[in-house]
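For reference, the structure discussed in these notes is given below.
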Amino acid sequence: MNVMVIGGGGREHAIIRKLKENPRIMNLYALPGNGGIAADAVCVPIGAKDIAGMVDFARQHAIDFAVVAPDDPLALGAVDALNAAGISCFGPTASAAIIESSKVFAKHLMKKYRIPTADCHVCVRLEEALEYLEDCPLPVVIKADGLALGKGVVIAKTREEAAAAARAMMEEKIFGESGARIVLEKFLTGPEVSVLCFTDGETVVPMVSSMDHKRALDNDEGPNTGGMGTVAPNPYYTPEIAKVCMDTIFLPTVRAMKAEGRPFRGCLYFGLMLTPEGPQVIEYNCRFGDPETQVVLPLLETDLLTIMEATANGTLDQVDVRWRDGAACCVVLASQGYPGKYETGYPIQLPETGENEEIYIAGAKLEEGRLLTAGGRVLNAVAAAPTLSQAVDDAYSLADRIHFTNAYCRRDIGRRALAALEG
Ligand code: AMP
Ligand code: GLY
């Protein structure tokens, strides 16, 4: 079989490593991939937003199956275009990907189908937003409607901050058209859990839960990033809570999408907050999370391609999806300064990896055979072990064997999860 994966970060590297376990795959391509992925797949310089380019490539190289991993191509209709060219895909069509690309859509869906989420107020005009912000409870959460590289959420503690965020989104248009509409949302509290689910539009198979660490600095300080590390499973996500989530959130969401004529196939990501009133949806993503995928897939026992094909064919109920016992930890090594300004172009020295260790490359390029840093989040040091405590230790010992100038990582990935286990 010929398989192509769209995207070029650590998440895509993790997907590619897992797919490679399947001997049916003869040729594996990454569009565009990156300098590190090049060790595991043939990287093709076609951008993840170049839909016409990927369709042409798929036709020319007799691609049998495509995995579309990032949000942009999904929202732009990559799956629709590939399907129209006769290529089976893992990932939702654009009409279903809207669950991530429009927060207004997602909020309306949850309201209509009574899926628990924070109360909110949708605004299409700045005056409306400013008026609401004059006497709403604080803190208040302000979200741009559209995709904003994970930066479209502001938690405002004061009215001035809230008004400034609304102005920045709606008047100054810092996220372009993504801020044409905004959602003003009630501030929720509680532990956060990420749950990725495979779904074929009917059957929902949750993956092992995980915990992201979104802030740049230790103790959850500093600016928000794309994610500085993850652990799986998330100790707050007990079997009892998992059942509640399945019954009140996962199945209702998948059924709602079907009822709306937007059946969702692929990976549906639930960003949850376990509030004192029960689990509530903070966000939906229409794809695998990054860096959640990097801790979830190493714990997957079942063949990934088989599951992905079943989501596309509507036969997920026939696949026995199994997970390894134990835990995994991912430490992101970033360029010092990320998510702000940082320097790149430094050579990366990679150690040998053991059986339960993985290094996934996120932001690096190959130049004359040398792997050089080329992004904010450079790579992921991942370890799986029988216990979370061991996985955390192993991930850090791996991270400490990787070297490049200006490397930075948080030193407390997993600390909160370990405290919860002990508590
Ligand atoms: P998002 O981009 O939607 O994942 O939001 C980024 C982060 O903002 C989330 O991971 C939460 O930590 C926080 N957040 C979003 N919505 C709320 C809310 N309603 N209450 C409290 N925190 C929130
Ligand atoms: N780690 C969160 C995301 O992928 O959006």
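So residue 353 passes all but one of these: (1) assigned to a helix (DSSP H, G or I); (2) surrounded by fewer than 16 Cβ atoms within 10 Å (Cβ to Cβ). Which condition number does it fail?
Of everything listed in (1) assigned to a helix (DSSP H, G or I); (2) surrounded by fewer than 16 Cβ atoms within 10 Å (Cβ to Cβ), residue 353 misses just condition (1).
Here is a check on your reading of the model: is residue 262 basic (Lys, Arg) and either modelled with pLDDT under 95 or within 16 Å of ligand 2 (Cβ to nearest atom) (or both)?
Judged against the criteria, residue 262 is not a match.
When segment 218-240 is examined, which residues are found to be surrounded by 17 or more Cβ atoms within 10 Å (Cβ to Cβ) and under 13 Å from residue 208 (Cα atoms)?
230, 231, 232, 233, 234, 235, 236, 237
Scanning segment 209-233 for residues that are more than 13 Å from ligand 1 (Cβ to nearest atom) and in a loop (DSSP other than H, G, I, E, B), which turns out nearest to residue 329 (Cα to Cα)?
233
Do any helices (runs of 4 or more DSSP H) entirely within segment 93-141 hold 3 or more residues that are within 16 Å of ligand 2 (Cβ to nearest atom) and touching a Cys at 6+ places or on another chain (Cβ under 9 Å), and if so, which?
In segment 93-141, the matching helices (runs of 4 or more DSSP H) lie at 94-101.
Determine whether segment 294-312 contains at least one residue that is touching a Cys at 6+ places or on another chain (Cβ under 9 Å), more than 16 Å from ligand 2 (Cβ to nearest atom) and of a type in the set (Ser, Thr, Tyr).
yes
Residue pairs, Cβ under 7 Å, 6 or more apart or interchain, first in segment 361-375 and under 13 Å from residue 9 (Cα atoms) and in contact (Cβ under 8 Å) with a residue 24 or more places away in the chain, second in a strand (DSSP E or B) and of a type in the set (Lys, Arg). List them.
362/377; 363/377; 374/365
Pull up segment 49-88, narrow it to residues that are within 23 Å of residue 14 (Cβ to Cβ) and touching a Pro at 6+ places or on another chain (Cβ under 7 Å), then point me to the one that is surrounded by the fewest Cβ atoms within 10 Å (Cβ to Cβ).
My answer is 49.
Just to be sure I understand, how many residues within segment 265-293 are crowded, with 19+ Cβ neighbours inside 10 Å, away from ligand 2 (no atom under 16 Å from the Cβ) and either outside any strand (DSSP E or B) or at pLDDT below 95 (or both)?
Here the count works out to 1.
The values are calculated or read from the model by the stated rules, or taken from the named source; none is laboratory data. Being a predicted model, the structure only gives us computed values, none of them experimental. All Cβ positions, even for glycine, are placed from backbone atoms using ideal geometry, and neighbour counts span all protein chains on display.
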